[in-house]
1. Sequence-distant or interchain residues sharing an amide H contact under 5 Å with Lys55, placed H: which?
2. Please compare each pair in Lys24/Lys93; Lys55/Lys94; Lys62/Lys98 to a cut-off of 22 Å on the Cα-Cα distance and tell me which ones are over it.
3. If packing is taken as the average number of other Cβ atoms within 10 Å across a peptide's residues, how do 79-89, 45-55 rank, most packed first?
4. Heavy atoms only, probe 1.4 Å: what % of the accessible area of segment 24-104 goes to carbon and sulfur, would you let me know?
Amino acid sequence: CLGFCTCALCMRKATNGLSMHKEKASCHQCKLKKPSEQLKHCAAPKTGTRRCRKKYCTQCLKRYHDNVQITNPQGPWSCPACLQVCTCGGCVKKRRAKAATLIAK
């Protein structure tokens, strides 16, 4: 929390004066908001003008992406989307559209 949130949790400040909110972000695969420490952030090299900002929860990585290496949890890691193996609906649709345009040429 950035200090200006008015949710009930923030209104009840912890005894040390810090917000009780934990930073949350959504998993690219399941779209559920989870605490940041439960998500694996992509650290793939920059492609074009932007870095990948996708995050995956450990449950989705185990369930849908068994073959993706997570050998060093603190080190650089490329997400399934950057490796072109993501099985979420949006990524599958994007890969199909790209393949269709290549075939049409």
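1. Long-range HN contacts for Lys55: His28.
2. Pairs exceeding the cut-off: Lys24/Lys93; Lys62/Lys98.
3. My ranking of the peptides, most packed first, is 79-89, 45-55.
4. So the carbon and sulfur contribution to the accessible surface is 54 percent.
The values are calculated or read from the model by the stated rules, or taken from the named source; none is laboratory data. Every value quoted in this text rests on a predicted model; they were computed, and no experiment measured them. All Cβ positions, glycine included, derive from the backbone under ideal geometry; neighbour counts span all protein chains shown. These area figures cover heavy atoms from the full protein model, side chains too; ligands, DNA and RNA do not enter into them. Shrake-Rupley method; radii C 1.70, N 1.55, O 1.52, S 1.80 Å.
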